[in-house]
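Report on one structure; see the data block that follows.
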Amino acid sequence: MVFDIIFEQLFGTEHHMTEIEELIQDLLPDNREKVMIFIALLLQKQKTGEGKPLRLSWTGALRQYRNTYTAPELQDQSLFWRSE
């Protein structure tokens, strides 16, 4: 993970939660609040299941237009149909 590499370069190979807590305490109060908001955002994303695989239930739905439109034309047309 990129964060681990950067953290290791800045603070050494062994880091623990107390080190992270100390770093947060060294921040100005405004930046500390931003860190807490960011952590809350990450936890919320994790909780809501963001990153689940996409559903492909629509696969093949436009097959009937295969010989009528080229791929870019069909893409444009599908956008038009969705906006109606």
Subject >> the stretch 21-50 - residue that is outside any helix (DSSP H, G or I) and exposed (fewer than 10 other Cβ atoms within 10 Å of the Cβ) and, of those, modelled with the highest pLDDT >> reply: 28
Subject >> Criterion violated by residue 7 - all others in (1) loosely packed, with under 10 Cβ neighbours inside 10 Å; (2) at pLDDT below 85; (3) not acidic (Asp, Glu) satisfied >> reply: (1)
**OP:** Among the residues of the stretch 54-84, write down those that are part of a loop (DSSP other than H, G, I, E, B) and open to solvent by 100 Å² or more (accessible area, probe 1.4 Å).
**Re:** 54, 55, 56, 57, 58, 66, 67, 84
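The values are calculated or read from the model by the stated rules, or taken from the named source; none is laboratory data. The shown structure was predicted, so the numbers you read here are calculated from the model rather than taken from an experiment. When we count neighbours, we look across all protein chains shown, and the Cβ atoms used for this are built from the backbone with ideal geometry, even at glycine. Surface areas here come from the heavy atoms of the whole protein model, side chains and all, with no ligands, DNA or RNA. Shrake-Rupley method; radii C 1.70, N 1.55, O 1.52, S 1.80 Å.
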